[in-house]
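The values are calculated or read from the model by the stated rules, or taken from the named source; none is laboratory data. The structure displayed is predicted, hence computed values, not measured ones. Note: ideal-geometry Cβ built from the backbone for every residue, glycine included; neighbour counts use all protein chains shown. The accessibility values were calculated without ligands, DNA or RNA, using every heavy atom of the protein model including side chains. Shrake-Rupley method; radii C 1.70, N 1.55, O 1.52, S 1.80 Å.
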4 protein chains.
Amino acid sequence: MTEAGGEADPPFSHRLRVYWEDTDAGGVVFYANYLKFFERARTEWLRALGVGQQRLRDDTGVIFIVTDTALRYLAPARLDDELDITVRPAEAGRASLTLQQQAWRHNGGAAATLLCEGTIRIGCVAAGSFRPVRFPTQISRALSR
Amino acid sequence: MTEAGGEADPPFSHRLRVYWEDTDAGGVVFYANYLKFFERARTEWLRALGVGQQRLRDDTGVIFIVTDTALRYLAPARLDDELDITVRPAEAGRASLTLQQQAWRHNGGAAATLLCEGTIRIGCVAAGSFRPVRFPTQISRALSR
Amino acid sequence: MTEAGGEADPPFSHRLRVYWEDTDAGGVVFYANYLKFFERARTEWLRALGVGQQRLRDDTGVIFIVTDTALRYLAPARLDDELDITVRPAEAGRASLTLQQQAWRHNGGAAATLLCEGTIRIGCVAAGSFRPVRFPTQISRALSR
Amino acid sequence: MTEAGGEADPPFSHRLRVYWEDTDAGGVVFYANYLKFFERARTEWLRALGVGQQRLRDDTGVIFIVTDTALRYLAPARLDDELDITVRPAEAGRASLTLQQQAWRHNGGAAATLLCEGTIRIGCVAAGSFRPVRFPTQISRALSR
């Protein structure tokens, strides 16, 4: 459940289902929705680190924003598929954090299929003004654990 | 361009295109998205009445919220279809407004096809607290024109 | 976990989280997204009855479509809220099914808050042609259990 | 209206509005939605080249898929903002096409603000099988005009 360590540790993983809302007329998951899936996993990863984003905002006025995304689409997912979305922190600065994420199709007992992978960079800003701020200490502490 | 009058007047109408983002694996527009289409048309109808919602919020702290929706789906729309979304005010209270809306598929020169119709009730609330407030006078004045 | 019986039985319930993707600039869940939440719960309810929609389509060429929705919005949900979405079948015809659904905010130990409720009518159609068909026997059997 | 030429030509541009559906609880456009905005502009760019995607699919069984996206977010957009989304083809292969796209906030008479920019790579596949195919000649011809 921790991602602090080396490549050897298994990354944090969040399981979700594909519903009608996620698909498009190609019969598969609409590519933009992987950004949503990746964010759900980041949110749960933060929650596992003890960070609730609504509480963080209420307490400190700070919100996370996404500043860069780079995704590669390898295979499609369909309705009812179960996906595992992983989160691996790659680089942490004072006011930014880069994460590597992947979406895998869970195939029952068989080997999973990598559907999409990419890099997401997030920053820390004051809600309202969007002025960059340093990561709250609770976050830095959680990440360096 | 005005909806103030009787049933005889043609209703306000907003044209839009169906894009990939709007479709689902059934090959047609995902039904929940008609609520988005209806709202785009209401927003443009308000703008035609001189009401910009972001400016209204900045000036008065008031936002509109949707309190009731009832939609009936009659025929599907597909990628690249051009739709005309209509807005007809049906009933106005002090802090609420009921609108009748329809989505029509534009078929070039031929008669349009009714795809979806319904009733949307909106209310006026203070942003943040969501406490009901009376419609700002600029709105009531615009509606009673 | 069964919805076959009378009002006395607790309805089927599906828990989900509110993520950034679900919210709008009002700071709360965008009202159209309750249709998505309701559908996720219906999908899980069908799955609990042994019906997978992708497999149903692959096996029989049949898909479900939504033909009527009527929703009432009572209170807003915010980022990180945990919601319980309920499903209660109300009326079943040969080619249609009406369900009553509610969204409740889970408040830890305290009483839950009803946020949204409504009625959804679904029909059964042949994928592609959208011609109405009778509910596959596996569905009727599951519903009459 | 053509982007075939050198850097000197102004790129194809598509104007759109920001509606409630596009925003999130940060009070600004949800970052994933720029992928939707970029796609709307690509769709209109293709249409201006004489290519309708639904007709292409009906006629040839071919659909476009997105295989890579890389976006950088520079400034936020808010409700009611008018955006200009540009499309500039950067590199064309036999079965893939790379486009550079930007989102600008239209500021009335004043200089526009660059909000988001990135690179989108699309491929051509057979609908259903998702097997890569060469771009239909009508596309190659349109692009080399």
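Is it the case that B:Thr98 is closer than 25 Å to B:Gly27 by Cβ, without any contact (Cβ under 8 Å) to a residue 40 or more places away in the chain and either assigned to a strand (DSSP E or B) or open to solvent by 50 Å² or more (accessible area, probe 1.4 Å) (or both)? Spelling it out, it is not the case that B:Thr98 is closer than 25 Å to B:Gly27 by Cβ, without any contact (Cβ under 8 Å) to a residue 40 or more places away in the chain and either assigned to a strand (DSSP E or B) or open to solvent by 50 Å² or more (accessible area, probe 1.4 Å) (or both). I need the full set of residues from the range B:115-139 which are polar (S, T, N, Q) and within 30 Å of B:Leu83 (Cβ to Cβ), in order please. Hits for the range B:115-139 are B:Thr119, B:Gln138. Could we say that C:Asp80 is of a type outside the set (Gly, Ala, Ser) and in contact (Cβ under 8 Å) with a residue 60 or more places away in the chain here? Judged against the criteria, C:Asp80 is a match.
Is one or more of the residues making up the range A:28-42 of a type in the set (A, V, I, L, M, F, W, C), out of contact with any helix residue (DSSP H, G or I) (no Cβ under 7 Å at 6 or more places or on another chain) and in a strand (DSSP E or B)? Scanning the range A:28-42, I find no residue that is of a type in the set (A, V, I, L, M, F, W, C), out of contact with any helix residue (DSSP H, G or I) (no Cβ under 7 Å at 6 or more places or on another chain) and in a strand (DSSP E or B), so the answer is no.
Looking only at the range B:78-92, filter to residues that are out of contact with any Gly (no Cβ under 6 Å at 6 or more places or on another chain) and open to solvent by less than 30 Å² (accessible area, probe 1.4 Å); which one of those is nearest to the other protein chains (Cβ to nearest Cβ)? Step through it out loud before you land on a result.
The initial filter retains those residues of the range B:78-92 that are out of contact with any Gly (no Cβ under 6 Å at 6 or more places or on another chain), namely B:78-79, B:81-92.
Restricting the remaining residues to those that are open to solvent by less than 30 Å² (accessible area, probe 1.4 Å) gives B:79, B:83-87.
Values: B:Leu79: 4, B:Leu83: 14, B:Asp84: 17, B:Ile85: 12, B:Thr86: 17, B:Val87: 14 Å.
Looking at residues that are out of contact with any Gly (no Cβ under 6 Å at 6 or more places or on another chain) and open to solvent by less than 30 Å² (accessible area, probe 1.4 Å), I get B:Leu79.
With the requirement that a residue be free of Cβ contacts under 8 Å to residues at least 24 places away in the same chain, within 14 Å of chain D (Cβ to nearest Cβ) and farther than 30 Å from B:Leu56 by Cα, what does the range C:20-77 give you? Correct list: C:Asp58 only. Here D:Ala75, D:Ala103 are screened, and the one residue that is modelled with pLDDT of 95 or more, part of a loop (DSSP other than H, G, I, E, B) and within 30 Å of C:Phe30 (Cα to Cα) is D:Ala75. A single entry from A:Asp68, A:Asp22, A:Asp58 fulfils the requirement of being open to solvent by 30 Å² or more (accessible area, probe 1.4 Å) and out of contact with any Ser or Thr (no Cβ under 9 Å at 6 or more places or on another chain): A:Asp58. Cβ separations smaller than 9 Å between residues 6+ apart or across chains give the following pairs from the range C:117-145 residues that are more than 10 Å from every other protein chain (Cβ to nearest Cβ) and open to solvent by 50 Å² or more (accessible area, probe 1.4 Å) to residues that are in a strand (DSSP E or B) and polar (S, T, N, Q): C:Pro132/C:Ser96. Counting only residues that are surrounded by 23 or more Cβ atoms within 10 Å (Cβ to Cβ) and not basic (Lys, Arg), the range D:40-55 holds 3 of them.
Which one of these is at pLDDT below 95 and within 30 Å of A:Gly128 (Cβ to Cβ): B:Leu35, B:Leu49?
Result of the check over B:Leu35, B:Leu49: B:Leu49.
When A:Arg105 is tested against (1) open to solvent by less than 30 Å² (accessible area, probe 1.4 Å); (2) more than 10 Å from chain D (Cβ to nearest Cβ); (3) in contact with a strand residue (DSSP E or B) (Cβ under 6 Å, 6 or more places away or on another chain), only condition (1) is not met.
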